[in-house]
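What follows is one structure encoded as structure tokens, with my remarks underneath.
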Amino acid sequence: PKITNPSTNRQRSADTMAAGRPTEYKPEYVEQAAKLCSLGATDDEMADFFGVHRATIYRWKLDYPEFCDAIKSAKEIADERVERSLYQKATGFDYTEEQAIKIKVEQYKEDVEVVEVRKHSPADTTAAIFWLKNRRPANWRDKIVLQGDEENPLIVRVRIGGDARNNP
């Protein structure tokens, strides 16, 4: 298959490399990159993992479509996981936690037992605001737009100078 490099607009076959140092790319990188991205790795972190420069990762994405597709799919999965977590944080959620408790067996003897305890994490206002600002920006953005028209003109009163105590 032919691949177009967007910066040069040149096409080349995925199996032919441009002149220069041979690529370090290996087919097993597809699976490794997907695992890294599903754990939230950035392109810089992948470059560090593979021992190459970030530009090499970009080149591999252009030259090896299966590498690019694996990265896109895995990053999408990681992003969806974060989105679900943000939603849960914004709305509150129940969870189960293991807790160690002491049980008195005899007068001077205790045993420790691990039990599951059901807990609730309340809704987080900051997460809710973040969610709403991104999902419903028209209703929740910080910027307020004031508009007037011929029937309802916008009136702005500005006080310049003067003493606020004596000049209402």
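The values are calculated or read from the model by the stated rules, or taken from the named source; none is laboratory data. Model, not experiment: these values are computed from the prediction. So basically every Cβ, Gly included, is an ideal-geometry build from the backbone, and we count neighbours across all protein chains shown. Heads up: the accessible areas ignore ligands, DNA and RNA and are worked out on the full protein's heavy atoms, side chains in. Shrake-Rupley method; radii C 1.70, N 1.55, O 1.52, S 1.80 Å.
Structure summary
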quantity	calculated
Matching residues in the stretch 108-153 - criterion: being in a loop (DSSP other than H, G, I, E, B) and in contact (Cβ under 8 Å) with a residue 12 or more places away in the chain	PRO122, ALA123, ASP124
Flag for GLN32 being farther than 30 Å from ILE129 by Cβ and of a type in the set (S, T, N, Q)	yes
First in the stretch 82-100 and closer than 28 Å to ASP111 by Cβ, second anywhere and acidic (Asp, Glu) and assigned to a strand (DSSP E or B), Cβ under 8 Å, 6 or more apart	THR96/GLU116; GLU97/GLU116; GLU98/GLU116; GLN99/GLU116; ALA100/GLU113
Residue count for the stretch 41-65, restricted to those that are touching a residue at least 60 places away in the same chain (Cβ under 8 Å) and either open to solvent by 50 Å² or more (accessible area, probe 1.4 Å) or in contact with a Pro (Cβ under 8 Å, 6 or more places away or on another chain) (or both)	1
Scan of the stretch 83-137 for residues that are of a type in the set (Gly, Ala, Ser) and surrounded by 10 or more Cβ atoms within 10 Å (Cβ to Cβ), ordered by number	SER85, ALA90, GLY92, SER121, ALA123, ALA127, ALA128
Looking only at the stretch 10-40, and only at residues there that are open to solvent by 40 Å² or more (accessible area, probe 1.4 Å) and of a type in the set (Gly, Ala, Ser), the one that is modelled with the highest pLDDT	GLY40
